[in-house]
1. F54 to T216: FRET efficiency via 1/(1 + (r/R0)^6), r the Cβ-Cβ distance, R0 45 Å, to the nearest 0.05?
2. For R231, R107, what ranking results if the residue with the fewest other Cβ atoms within 10 Å of its Cβ goes first?
3. Rg and Dmax of region 114-231 over Cα atoms: what are they, in angstrom?
4. If R₀ is 25 angstrom, what is the calculated FRET efficiency for the pair R160 and S139, using the beta carbon separation as r and rounding to 0.05?
5. Taking the Cα-to-Cβ direction at A180 and at D71 and moving 7 Å from each Cα, how far apart do the two end points lie in nm?
6. What are the ³J(HN,Hα) values, in whole Hz, obtained from phi via the Karplus relation 6.51 cos²θ - 1.76 cosθ + 1.60 with θ = phi - 60°, for each residue of region 144-150 in sequence order, with x given for Gly and Pro?
Amino acid sequence: MTSEQQSPTTPAVPPARTAPAPTPARTSAPVRTSPAPAVPAARTAPAPARTERFTELLATVIHLLREVGYDRLTIDTVAARARVSKATIYRHWPGKPELVAAALHERHVDRHIPADTGSLRGDLLEMLRVTAAICTADSDLIQALTLAMRTAPELEKLIRHQVMPAGRVLSAAVIVRAAARGEIPPEAGERDLFHDLAPAMVMSRILSHGLPADDTFLTHLVDQVLLPVLRYHAG
């Protein structure tokens, strides 16, 4: 009996079994879940880096879009022309629609930040000159992509939700600067109407009517349409 009473004292070993800490080790297992979300982030990581190779790859996409159009563009063709592996492309973009949207964003948004001229009128004119230059240089590309969007819903969704809103952010910068200067009230004006009118009227003149958007037209558009829209205040 005394040995039985001593045996409970000797089982000081069981506490050692609870000490192996498999439980903390398993609770640390969620660490495995933290790297998992980091994988999707790696697909968008090269964009901020803006390496020369990255820029060349997206420029290749634009060149091929001009040559063969969206429907005939393939990842194989891009990889061969850009001299990169398909694995490199798929590491950053899931497929063709995402790659094309990234190329358009690089060409039409990231490289055309409106200049600060010191006045709202000057900023608007400069912004419209940039828009006109893009529409003139890329008229064939824009028209081809407009047609492609009708039959490629994934591309349409990406352009409408990524490329177009990004362009609106740039035009919003003009408004923010003007409000900071005191040229317009912070919340005054028909902002949504402005964002729609500013590029649409330039694109319509160049792409739909085949007319040049020269400084005479742009000045008239700014003075007679855009400035009144921004300064409108419902009494």
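Every number in this text was worked out from the coordinates using simple rules, so none of it is lab data. In this text the structure is predicted, and so the values were computed from the model without any measurement. Quick reminder, even Gly has a Cβ in these numbers, built from the backbone with ideal geometry, and neighbours come from all protein chains shown.
1. Efficiency for this residue pair is about 0.70.
2. Working: R231 15, R107 20.
By the 10 Å Cβ count, ascending, the order reads R231, R107.
3. Radius of gyration, then largest Cα-Cα span, for region 114-231: 14.9, 46 Å.
4. The computed FRET efficiency comes out at 0.80.
5. My value for the distance between the label points is 4.7 nm.
6. Once θ is set to phi - 60°, the couplings for region 144-150 become 5, 6, 4, 5, 5, 5, 6 Hz.
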